[in-house]
Structures are given as C-alpha cells and as structure tokens.
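*Asks:* Have a look at this one before I ask anything.
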Amino acid sequence: MIEEHPTRLTSSEIATLWSSVQNNSMAVCVFKYFIENVDDEEIKSVIEYALHTSKDNLSLSEKLLKEDKQPIPVGFKDEDVNPNAPRLYSDTYYLYYIKNMAKVGISVYGVALATSAKSSVRDFLSKAVQSSINLYNKTSNVLLSKGLFVRPPYISTTNEIDFIDQKNYKGGLLNIKRRPVNVIEITHVYANVETNLVGQVLLTGFTQVAIRKEVRKYCNKGKDIATKHVKLFSNILTDDEIPVPMPSDLTVLNSQIAPFSDKLIMFHTALLIQSSTSNYATAAAASLRTDIVTTYVRLTTEVTGYANDGVNIMIDKSWLEEPPQVISKNNLSNQ
C-alpha cells in the first residue's frame with residue numbers, strides 16, 4: 001500500500017465538499033418531507049434509501065472539511081422544512097424526481113472524482129457515485145415493477161454502416177430538406193423532455209406554496225419556461241413522426257401550505273437551472289443538425305437570463321452563501 005504524503009485540500013476538493021454540504025443538506029430536507037407524505041411501501045423504501053444516502057454524504061463532507069479546518073457552509077436546517085405540511089406531490093412523482101436526482105448525482109460526483117487527488121476525498125466520492133448508482137437502479141426497478149418506467153422512443157434504423165460524406169448532413173437553420181434525427185440526437189432530446197417535465201411539476205408546486213410574492217412569480221416563470229422547452233423538444237421528435245413517451249400521474253395537489261422555506265425553494269430552482277445548462281451544453285456538442293444545436297444555444301441563453309434573476313433575488317434576501325475564495329493580496333497589503 002502506497003503511503004500518501006499529508007497535504008491540504010485543493011481548491012477543487014474544497015469546492016466539491018462545500019457544494020456537497022449545501023446540496024445534501026437540501027436533499028435531506030426534501031426527503032424528510034416526502035417520507036411523511038407517501039402511501040406506497042415500495043416507494044417509501046426508495047425515499048428512505050435516498051434520505052439515508054443524503055445524510056451519509058452530508059456527514060462525510062462536513063467531516064472532511066473540518067479535518068482541513070475549512071468553514072462549514074450553513075446549508076439547510078430543520079427550519080427550512082415542515083415535514084407535517086400537507087402532501088403536494090404524488091407518490092409516482094417522487095420516483096421520477098429521485099430518478100432524476102440520482103442521474104445528477106452520478107454525473108456530478110463522477111466529475112468531482114476526476115478532479116480530486118486526496119485519497120480520503122476520492123474514497124468519499126467513489127462511495128457517493130456508487131450510492132447514486134444504487135439509488136438510480138433501486139428507483140428504476142420500482143418504476144419497472146409498477147409499469148411506470150418511461151423508456152426513450154423506439155425507432156426503426158437502417159441496416160447499413162456508412163460514413164457522412166456530405167456537409168448538408170448538418171442541415172441549415174431554415175430546416176429545408178433536413179435529414180431525420182439520429183439516435184444520439186434523440187437520446188439527448190428525450191432526456192431533456194424528461195428533465196424539464198420533472199422541473200415543471202416541481203416548480204408548479206413551489207408556485208403554490210412559496211411565501212413571498214417575488215418567489216412565487218419567479219417559480220411560475222420557471223414553470224412556464226420548462227413547459228415551453230418540453231414542447232420545443234417534443235416537436236423535434238414528432239416532426240419525424242417519433243412518439244414522445246410521457247410519465248403519468250404527475251398531478252400537483254392543491255395544498256398552499258409551504259413544506260419548504262423560500263430560501264430552499266430558490267436554491268433548489270438554481271440547482272435545476274445548473275442541471276439544464278449542463279445538459280444543453282452536452283446535447284449541443286453531441287448533435288450534428290444545425291437547427292437542433294441552434295435551439296440548444298437559444299434555450300441556454302434564456303435559462304441563463306432566468307438564473308441571473310434568481311441570483312439577484314437570493315442576494316437581496318441574503319440567502320446566497322459565498323463560496324470559499326482566494327484571499328485578496330491587495331486587502332492584506334493595505335491592512
């Protein structure tokens with residue numbers, strides 16, 4: 001066994017652990033509420049596993065920061081959740097929500113692992129990746145057993161292997177004589193349909209229960225954006241007569257009693273935006289049809305503007321924690 005030379009956390013490792021504390025403290029609040037408002041025992045077991053995983057990740061992140069004498073972010077506490085608030089979402093929605101969050105966890109922790117050197121941090125991230133995979137599989141199995149797993153579209157494909165030999169394969173902005181979508185483009189388009197649906201339902205609930213008028217208005221705008229994006233992505237598929245599978249039973253109930261603080265609602269909305277921006281960038285890079293790439297770029301611009309409005313609200317309300325940053329040498333020299 002190679003003995004590791006003692007060293008401080010790097011900037012990337014601090015960023016990873018700092019974000020993990022914030023994200024997992026939020027997730028703990030969300031799952032505490034879900035678990036008090038679920039009827040199906042199978043779905044309850046998935047929420048219990050998600051809650052257990054979030055608590056573990058939170059505890060380990062805080063431990064590693066403390067060992068390096070780093071400040072611990074405030075994150076979210078018991079005052080940010082009311083587990084006794086009436087039900088807002090259906091049992092079925094919990095599964096789609098957790099499946100989406102597990103996918104985010106696999107991606108985020110995987111990227112963080114590749115930027116970390118310290119063995120204790122890599123051990124934590126490796127465990128977090130595996131826990132996210134387990135959560136995704138556990139959720140998917142329950143969705144399959146209940147006939148609720150929504151698969152991407154089935155299509156008929158050509159039998160020949162060929163190479164692209166014409167630049168018009170990329171098409172043009174006006175969609176004149178464009179080619180049908182390929183399987184890679186379908187994969188990303190449908191994934192973004194599904195992600196926006198999950199966000200649309202979540203924000204619909206937030207719009208009903210947020211305390212402050214500006215937070216309700218902001219969530220309502222986000223719901224409208226998500227609804228529009230679902231339609232735009234669906235149209236890309238239906239234009240080629242590809243059916244767009246949709247989840248069922250995503251109805252938001254009529255409660256107007258807030259299960260979460262406005263601070264948590266705004267932070268969660270910001271996480272949705274970050275995920276969308278990342279998804280759109282990846283999808284644009286993988287797509288070869290010019291009109292599809294242009295759509296992703298245009299929607300990213302819209303989402304970025306929406307995100308900036310949210311940052312302004314969080315700054316005005318003193319809800320936005322400042323990430324650790326480099327000490328200003330100018331400030332030190334002027335003291």
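*Asks:* Please get the size of the charge dipole for segment 194-279, origin at its Cα centre, with Cβ charges of +1 on Lys and Arg and -1 on Asp and Glu, quoted in debye to the nearest 20.
*Replies:* Working: 9 positive and 8 negative charges, 129 e Å.
Here the size comes out at about 620 debye.
*Asks:* Output the Cα-based Rg and Dmax of segment 184-335 in Å, rounding Rg to one decimal and Dmax to a whole number.
*Replies:* Rg and Dmax of segment 184-335, Cα atoms, are 18.4, 68 Å.
*Asks:* To test your reading of the geometry: what angle, between 0 and 90 degrees and rounded to tens, separates the Cα axis of helix 119-145 from the longest principal axis of the chain?
*Replies:* The angle comes out near 50 degrees.
*Asks:* Also, quick follow-up: What's the long-distance tail for segment 196-238, i.e. % of Cα pairs beyond 13 Å?
*Replies:* Of all Cα-Cα pairs in segment 196-238, 50 percent lie more than 13 Å apart.
*Asks:* Around Asn137, what is the net charge, scoring Lys/Arg as +1 and Asp/Glu as -1 over all other residues with Cβ under 13 Å from its Cβ?
*Replies:* Details: positive: Lys99, Lys103, Lys138; negative: none.
With Lys, Arg at +1 and Asp, Glu at -1, the net is +3.
*Asks:* To continue, here is another question. Cα gyration tensor of segment 245-335, axes a ≥ b ≥ c as square roots of the eigenvalues: rounded (a/c below 1.5), prolate (a/b > b/c) or oblate? List each step's numbers first, then the result.
*Replies:* Working: a/c = 3.13, a/b = 1.26, b/c = 2.48.
The shape class here is oblate.
*Asks:* Under a Cβ-only charge scheme (Lys and Arg +1, Asp and Glu -1), can you give me the dipole magnitude of segment 9-71 about the Cα centre, in debye to the nearest 20? Intermediate values should be presented prior to the final figure.
*Replies:* Working: 6 positive and 11 negative charges, 81 e Å.
The calculated dipole for segment 9-71 is roughly 400 debye.
*Asks:* In degrees, nearest 10, range 0 to 90: what is the angle between the Cα axis of helix 11-35 and the longest Cα principal axis of the chain?
*Replies:* Approximately 80 degrees, to the nearest 10.
*Asks:* A follow-up question, please. Just to confirm the filter: which GluC sites (Glu not before Pro) across segment 57-106 are DSSP coil and have at most 11 other Cβ within 10 angstrom of their Cβ? The partial results should precede the final answer.
*Replies:* On the way: sites: Glu62, Glu67, Glu79; in loops: none.
Loop-located and lightly packed - none at all.
*Asks:* Here's another thing I want to ask about it. Where a ≥ b ≥ c are the square roots of the eigenvalues of the C-alpha gyration tensor, would you call segment 52-103 rounded, which needs a/c under 1.5, or, failing that, prolate if a/b is larger than b/c, or oblate?
*Replies:* On the way: a/c = 3.69, a/b = 1.80, b/c = 2.05.
Note, shape of segment 52-103 comes out oblate.
*Asks:* First check a/c for segment 79-159, with a ≥ b ≥ c the square roots of the eigenvalues of its C-alpha gyration tensor; if it is under 1.5, answer rounded, and if not, answer prolate when a/b is larger than b/c or oblate otherwise.
*Replies:* Oblate shape, in that a/c is at least 1.5 and b/c is the bigger or equal ratio.
*Asks:* Can you tell me the convex hull volume per residue for segment 42-181, based on C-alpha atoms, in Å³ to the nearest whole number? It would help to have the intermediate numbers written out before the result.
*Replies:* Details: hull volume 34.1 nm³, N = 140.
Cα-based convex hull of segment 42-181, divided per residue, equals 243 Å³.
*Asks:* Let me ask another. Taking the Cβ of Ser45 as the centre, find all other residues whose Cβ is under 14 Å away and add up their charges (Lys, Arg: +1; Asp, Glu: -1). Could the numbers behind the result be given before it?
*Replies:* Numbers: positive: Lys44, Lys138, Lys146; negative: Asp39, Asp40, Glu41, Glu42, Glu48, Asp91.
Result for the neighbourhood of Ser45: -3.
*Asks:* What lysines sit close enough to Lys228 to cross-link, taking a C-alpha to C-alpha distance under 20 Å and skipping anything fewer than 8 places away on the same chain?
*Replies:* Qualifying lysines at Cα under 20 Å: Lys217.
*Asks:* Taking the chain as the region of interest, what is the percent of Cα-Cα pairs per 20 angstrom bin, listed from the shortest bin to the one with the maximum distance?
*Replies:* 27, 55, 17, 0
*Asks:* Between Lys221 and Glu36, what length in nm is gained on full extension when 0.36 nm per residue of separation is reduced by their alpha carbon distance? Can you show the working numbers first?
*Replies:* Values: separation 185, 0.36 × 185 = 66.60 nm, distance 2.88 nm.
Length gained, Lys221 through Glu36: 63.7 nm.
*Asks:* Once you place label points 7 Å from the Cα toward the Cβ at Phe163 and Ile211, how far apart are they in nm?
*Replies:* Result for the modelled spin labels: 6.4 nm.
*Asks:* In this model, which of Lys66/Lys118; Lys213/Lys263; Lys55/Lys263; Lys77/Lys118; Lys213/Lys317 are farther than 18 Å apart at the alpha-carbon? Before the final figure, lay out the partial values.
*Replies:* On the way: Lys66/Lys118 15 Å; Lys213/Lys263 13 Å; Lys55/Lys263 20 Å; Lys77/Lys118 29 Å; Lys213/Lys317 13 Å.
From the list (Lys66/Lys118; Lys213/Lys263; Lys55/Lys263; Lys77/Lys118; Lys213/Lys317), the Cα-Cα distance tops 18 Å for Lys55/Lys263; Lys77/Lys118.
*Asks:* Between 0 and 90 degrees, rounded to the nearest ten: what's the tilt of helix 262-286 against the longest Cα principal axis of the chain?
*Replies:* 50 degrees
*Asks:* Pull up the cross-link candidates among the aspartates and glutamates for Lys138, meaning alpha carbon to alpha carbon under 17 Å and not fewer than 8 places away within one chain.
*Replies:* Of all the aspartates and glutamates, those that pass the test against Lys138 - Cα under 17 Å, at least 8 places apart if same chain - are Asp40, Glu41, Glu42, Glu48, Asp91.
*Asks:* Which length gain, in nm to one decimal place, applies between Ala281 and Thr115 when the Cα-Cα distance is subtracted from 0.36 nm times their residue separation?
*Replies:* Values: separation 166, 0.36 × 166 = 59.76 nm, distance 1.99 nm.
Here the segment from Ala281 to Thr115 would lengthen by 57.8 nm.
*Asks:* Would you work out which of Ser25, Gly222, Val46 lies farthest towards the positive end of the dipole of the chain, given +1 charges on the beta-carbon of Lys and Arg and -1 on that of Asp and Glu, about the Cα centre?
*Replies:* In the chain, that residue is Gly222.
*Asks:* Counting only residues 5 or more places away or on other chains, whose amide H sits under 5 Å from the amide H of Phe260 once H atoms are built in the peptide plane?
*Replies:* The answer is Asn82.
*Asks:* Determine which aspartates and glutamates satisfy two conditions relative to Lys231: a Cα distance under 14 Å, and not lying fewer than 8 residues away in the same chain.
*Replies:* Result set, ordered by chain and number: Glu194, Asp239.
*Asks:* Peptides 266-272, 182-188: what's the order by average Cβ count within 10 Å, highest mean first?
*Replies:* On the way: 266-272: 21.4, 182-188: 15.9.
Output ranking for 266-272, 182-188: 266-272, 182-188.
Any read-out appearing in this document is the output of simple, stated calculations on the displayed coordinates, not a laboratory observation. All figures in this text were calculated on a predicted structure; none of them were measured in a lab. Note that we place each Cβ from the backbone using ideal geometry, even for glycine, and neighbour counts take in every protein chain shown.
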